[in-house]
Amino acid sequence: MLPRQIPARSMVRSIRLLAAIPAFAALVGCAALRSFRGGDAAFYKAPESPEAWMAAVPAAGDPSDWIARFGDTSLATLCGEALEANRDLRAAAARVLAARERIAEARAAMLPQLSSAFSSGRAERVGAARSEPDFALGIEASWEVDLWRRLREATTAEAEDYLASEADLAAARQALAASVARTYFSAAEAASQSQLASETVASFAEALDVVEDSFERGVASALDVRLARANIEGARAALERRRREEDSAIRALEVLAGRYPGKAIEPRKTLPSLTAAVPAGIPSELLGRRPDIRAAERRARAADRRLGEARKLLLPSLRLTGSAGGASADLGRLLDKEALVWSIVSGLTQPILEGGRLRANIRRQEALRLAAAEDYAAAALNAFQEVETALAAESYLRAQEAALRRAAEESTAAAELALDRYSRGLEQIITLLESQRRAFDAQSALISAQGLRAQNRIDLYLALGGDPSPLPQGDGRSRP
């Protein structure tokens with residue numbers, strides 16, 4: 001509270017002076033303000049998109065909850081575990097919280113600042129016999145008036161960065177779910193290949209029995225026996241390789257799910273049939289659906305706001321400060337009205353000579369703004385490419401799988417026929433071994449094609465911005 005002896009006229013004159021300074025600052029800065037405004041949404045632009053995908057397949061709907069489309073409860077459970085326990089995802093969530101607090105820091109600069117100080121010491125006057133104590137207590141307040149909305153530009157930039165970090169978190173969730181699904185189906189493919197290799201060893205063992213029986217009957221030569229034995233050992237080596245791949249995929253899957261890699265997960269033995277339609281949508285929906293594109297757009301907006309902030313640093317700034325307190329040699333009389341003093345000060349500053357620092361900052365922000373705009377366009381173009389490529393691959397891989405299925409059927413039938421003919425002495429051992437290898441290779445290639453289709457379907461869901469589950473932190477579109 002101000003002391004009573006302070007004249008009211010002094011207060012009135014101070015307030016009038018404070019009111020006149022903002023008016024003067026407005027006259028100085030209004031002429032330049034028009035070109036310093038940020039918030040220009042026209043500087044970033046996504047590439048033009050067609051009305052439909054060039055490589056589209058007949059489909060409808062959206063890719064939300066794409067994990068459930070595989071119809072595998074074990075996969076859904078593992079994805080849920082990963083989304084809860086993955087360390088990288090937790091780090092991304094922590095960065096979202098940090099970005100939110102930066103908004104609070106930026107907003108704080110727009111509010112009055114209040115601080116208090118107390119000091120004590122001793123002062124010795126010239127000619128005095130001894131030093132005297134000196135005590136001071138004061139409260140200071142300051143406030144930068146946001147005349148040109150520069151501080152608001154900075155706050156808005158931080159808000160855009162926060163929304164970008166939310167979109168990054170959503171993208172990280174999608175990428176993690178996709179990694180779990182890829183590894184899950186890689187383990188399933190390895191298990192299928194292991195099963196095929198085991199069956200092949202058994203089939204080759206039966207063929208070896210036929211060859212050895214023919215050798216004992218004097219129909220086959222020792223060369224036939226050795227070639228058949230080499231054939232079965234090669235199949236056993238392939239079996240161990242497939243088992244190693246299966247083991248590695250299972251342990252990698254357990255780590256993604258946040259578990260210890262103890263090979264406790266039992267992988268599925270077959271790959272999905274993928275009979276469900278592909279939910280492609282239309283290209284224009286991709287810009288709002290994919291979180292990485294939303295993040296790039298938010299960062300472009302933040303760069304635009306920071307450019308506006310940098311330009312407005314050239315304008316005059318107004319700061320109001322006030323203080324009240326007391327000073328006394330007697331600590332007990334520090335708050336007496338005779339010891340109280342107050343002051344109200346307003347300061348208007350205009351940059352004149354600063355070595356080109358502010359202009360260099362403007363040029364730097366202009367370059368960053370341009371880079372952010374190009375990053376946004378590149379992210380959109382890359383997204384279009386990923387979708388078109390995955391959609392086209394759907395057709396190619398489906399046709400490839402059908403051809404390999406027919407090849408596997410014919411090769412298996414040929415191997416059975418060759419074994420029968422060899423047992424009757426109508427074919428050479430080379431024909432038998434070659435037909436068996438072809439049958440094995442064709443069936444292995446079919447499993448690989450099925451695995452590629454599963455992997456491509458995951459890539460397509462990810463490219464379309466499909467979300468594995470609702471986001472508890474928000475969908476990246478809500479404002480703080």
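The values are calculated or read from the model by the stated rules, or taken from the named source; none is laboratory data. Computed from a prediction, not measured in an experiment: that's the story for all the values here. Neighbour counts run over all protein chains shown; Cβ positions are idealised from the backbone, glycine included. Note: areas computed on protein heavy atoms with side chains; ligands, DNA, RNA excluded. Shrake-Rupley method; radii C 1.70, N 1.55, O 1.52, S 1.80 Å.
Table: residues versus (1) touching an Asp or Glu at 6+ places or on another chain (Cβ under 8 Å); (2) on the phi > 0 side of the Ramachandran plot; (3) open to solvent by less than 70 Å² (accessible area, probe 1.4 Å); (4) modelled with pLDDT under 80.
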site	(1), (2), (3), (4)
PRO50	no, no, yes, yes
PRO58	no, no, no, yes
TRP66	yes, no, yes, no
SER74	no, no, yes, no
CYS79	no, no, yes, no
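Taking the criterion of being in a helix (DSSP H, G or I) and closer than 13 Å to VAL255 by Cβ, the residues of segment 73-88 that qualify are LEU78, GLU81, ALA82, ALA85, ARG87, ASP88.
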